[in-house]
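Structure, as structure tokens:
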Amino acid sequence: MYAVQHGAGEGRSYLMEHNAILDSKLSLSSNIPLHAQLVGIIKREISSGALKIGDLLPSEAELCRALDISRNTARQAIGELEDEGLVVRKRGRGTFVADPSANRRGVRYSFTTEVSSMGKEPSSTLVDFQITTPSAIVCEKMELREGTPVYCFTRIRNVDGEPLILETSYYPQYIYPNLTREMVQTHSFYSLLYHVGIVPFAADESYEAVILEDSCAALLGVPSGSCAFFHQRLTRTEDGRIYEYTRSYIRGDRVRLDVHMQKSGMNFVRTID
């Protein structure tokens, strides 16, 4: 089935084949939220080349009808893709696959969508959740006054049921005062922050090769002394405030880091085996 699409203001028309996204199936029994499943589907279409730069995505109404989802679910999925710079919404025309070399409005990381886009099953196990006074080192990294209370929670990030990442995150308590352990277990914290206006704009990351100590190795299900990546991320809002500090141990036997360089910039990809 083909439809003629007219690009308003561009004086051009083109043939677009029926979009495979509309034939996709979402699973109500999966522990992956419906919007995250949709994000993963669209990411796969983009990464495979089925959707190219400038291609028009189905409208929110079309997604709702074809996939039997709510307007809010469709809007949340498109919003996440837009935040990551993968799509761009043009008023009165629709949502299009973005040019990756164009400037992005911000950065957004989601473990669920990253893993789902690879066709794998993500899940998380909450190991610890507390409100605490951070160490002087954490305060310095986050540019906080000493004594500022923070949320500190540790999660094991699983892929296809197997531990992959041991992740500890710190957030100032004032950015979301009523956070509970149950909310962290059942919601994406980034999505909760998004709804109160906390949007990631820039992030600094580092990777180091390390040897796992006994306690970390046990939680990741690998022998003590195994190799891993020690990953740190500091995330800022547009006004420059650091609101997240995350440090993680990533199994070195299951992850590969690839860097592609070209004239327009650098692309960094984390591949999970």
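For the range 134-178, the set of residues classified as basic (Lys, Arg) and closer than 30 Å to Gly119 by Cβ consists of Arg155, Arg157, listed by residue number. On the stretch given as the range 251-273, residues that are open to solvent by 90 Å² or more (accessible area, probe 1.4 Å) and either among the acidic types (Asp, Glu) or not in a strand (DSSP E or B) (or both) total 3.
Is it the case that some residue within the range 58-65 is exposed (fewer than 14 other Cβ atoms within 10 Å of the Cβ) and polar (S, T, N, Q)? Yes, there is a match, as at least one residue in the range 58-65 is exposed (fewer than 14 other Cβ atoms within 10 Å of the Cβ) and polar (S, T, N, Q). When restricted to residues that are under 20 Å from Ala228 (Cβ atoms) and of a type in the set (Gly, Ala, Ser), the range 124-174 contains 3. Consider Glu238 carefully, then state whether it is open to solvent by less than 60 Å² (accessible area, probe 1.4 Å), among the acidic types (Asp, Glu) and closer than 30 Å to Pro172 by Cβ. So Glu238 does not fit the description; no.
The sole residue among Val97, Val138 that is in contact (Cβ under 8 Å) with a residue 60 or more places away in the chain and crowded, with 16+ Cβ neighbours inside 10 Å is Val138.
Annotation note: Cβ proximity below 9 Å between a residue of the range 152-171 that is farther than 19 Å from Pro134 by Cβ and a residue that is surrounded by fewer than 20 Cβ atoms within 10 Å (Cβ to Cβ) and of a type in the set (Asp, Glu) (sequence gap 6+ or interchain) occurs for Asn158/Glu121; Val159/Glu121; Asp160/Glu121; Gly161/Glu121. Please determine whether any residue of the range 215-226 is of a type in the set (Val, Ile, Thr), within 16 Å of Tyr171 (Cα to Cα) and open to solvent by less than 50 Å² (accessible area, probe 1.4 Å). Within the range 215-226 (the criterion being of a type in the set (Val, Ile, Thr), within 16 Å of Tyr171 (Cα to Cα) and open to solvent by less than 50 Å² (accessible area, probe 1.4 Å)), the answer is no, since none of the residues qualifies. Candidates in the range 121-135 are the residues that are open to solvent by 50 Å² or more (accessible area, probe 1.4 Å) and in contact with a strand residue (DSSP E or B) (Cβ under 8 Å, 6 or more places away or on another chain); of these, the one that is modelled with the lowest pLDDT is Glu121.
Scanning the range 233-254 for residues that are out of contact with any Asp or Glu (no Cβ under 7 Å at 6 or more places or on another chain) and either over 28 Å from Gly197 (Cβ atoms) or among the polar types (S, T, N, Q) (or both) yields a count of 6.
When the range 29-57 is filtered for residues that are touching a residue at least 24 places away in the same chain (Cβ under 8 Å), open to solvent by less than 40 Å² (accessible area, probe 1.4 Å) and more than 18 Å from Val115 (Cβ to Cβ), the ones remaining, listed by number, are Leu51, Gly54, Leu56, Leu57.
In the range 185-200, the qualifying residues are those that are within 14 Å of Ser110 (Cα to Cα) and of a type outside the set (Gly, Ala, Ser), and the one that is surrounded by the fewest Cβ atoms within 10 Å (Cβ to Cβ) is His187.
The values are calculated or read from the model by the stated rules, or taken from the named source; none is laboratory data. Because the structure is predicted, anything quoted here is derived from the model rather than measured. So basically every Cβ, Gly included, is an ideal-geometry build from the backbone, and we count neighbours across all protein chains shown. With ligands, DNA and RNA removed, areas are computed over all heavy atoms of the protein, side chains included. Shrake-Rupley method; radii C 1.70, N 1.55, O 1.52, S 1.80 Å.
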